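Here the structure comes first, spelled out in structure tokens, and everything after it is commentary.
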Amino acid sequence: MLMDAGMDTGAMLLKYETPVSLWDNADGLGAKLAIEGANLLVETIYTFDRIIPTPQEHAAATAAPPIQKSEYTIDWTRSHLEIHNRVRGFYPNCVATFREQPLKILATVPLAIDFQTDLPPEIQKLLPEIETLDLRNSLPGTVIKIVKGLGPIVQTGSGCLLLQEVQPAGKRPQSGTDLVNGTRLAMGEILG
């Protein structure tokens, strides 16, 4: 963009758009955009004299306040999609507590019919079973099911999440299945 008196308010020279999938996280998307940004910069330099600057739509602008460390703490009362998006957006910093120790949550899968076509086949098969679970007596953060080969399913304020990848304190990242096997995680345990 061109520079002007405001912050990030100058006219755009070129722009690039990319879809963001349900599985993209900040790390992967940042790497992808770095490559595309470099390509766009080269194109801008080579075609600068032919580019017609496009004014930005200032009414559509949104402020992005600095992220506070407290936002990394998982609030299980939020919906499964909100938590999933926070895990992706704050990757690799989201943390819960498990047996009074920090547990980084690195990758989740929101379990809902809404995302069925985006889910791997082995997880799609779980959806009818998840839909029939009685979640009225489960507190948010409760492990409501353990799926062999996939990991624990946790109740949220609205819906359920499969913990796909986690990192216990002082250990390397591991699958949800490895967490279950290594800690003998049981149904009914509550993550803080």
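The values are calculated or read from the model by the stated rules, or taken from the named source; none is laboratory data. All values reported here derive from a predicted model rather than from experimental measurement. Glycine gets a Cβ as well: all are built from the backbone with ideal geometry, and neighbour counts include every protein chain shown. Remember, those area values only see protein heavy atoms, side chains included, never the ligands or the DNA or RNA. Shrake-Rupley method; radii C 1.70, N 1.55, O 1.52, S 1.80 Å.
Things to note:
- The listed residues Lys125, Lys148, Lys104 rank as Lys148, Lys125, Lys104 when sorted by accessible area, largest first, using a 1.4 Å probe.
- Taking all protein chains together and a 1.4 Å probe, the residues Arg88, Arg136 rank Arg136, Arg88 from largest to smallest accessible area.
- Across the chain, the longest run free of exposed loop sites, meaning GluC sites (Glu not before Pro) lying outside DSSP classes H, G, I, E and B with no more than 10 other Cβ atoms within 10 Å, spans 101-192.
- Folded to 0 to 90 degrees: helix 80-89 orientation relative to the chain principal axis, Cα: 50 degrees
- Probe 1.4 Å, accessible area per residue of the chain, Å²: 63 Å²
- Taking the longest Cα principal axis of the chain as reference, the axis of helix 26-47 is set at about 10 degrees.
- Residues Ile35, Ile52, ordered by accessible area of protein heavy atoms at a 1.4 angstrom probe radius and largest first, appear as Ile52, Ile35.
- Only protein atoms count toward the accessible area here, which uses a 1.4 Å probe; on the chain, the carbon and sulfur part of that area reaches 56 percent.
- For the options Pro128, Pro66, Pro55, a Gaussian network treatment of the chain with springs between C-alpha atoms closer than 10 Å singles out Pro66 as fluctuating the most.
- For the pair the range 121-167 / the range 84-107, the C-alpha centres are spaced 16 Å from each other.
- Build a GNM of the chain with springs between Cα atoms under 10 Å apart, and of Leu29, Leu179, Leu13 the one that fluctuates most is Leu13.
- Cα-Cα over 28 Å, subset of Lys32/Lys69; Lys32/Lys104; Lys69/Lys125; Lys125/Lys171: Lys69/Lys125; Lys125/Lys171
- Dipole of the chain, positive direction: furthest Cα of Met7, Thr47, Leu111, with charges on the beta-carbon: Leu111
- With helices as the sole contributors, the chain gives -7500 deg cm²/dmol at 222 nm; each DSSP H run of n ≥ 4 counts as -39500 (n - 2.57), and the sum is divided by every residue.
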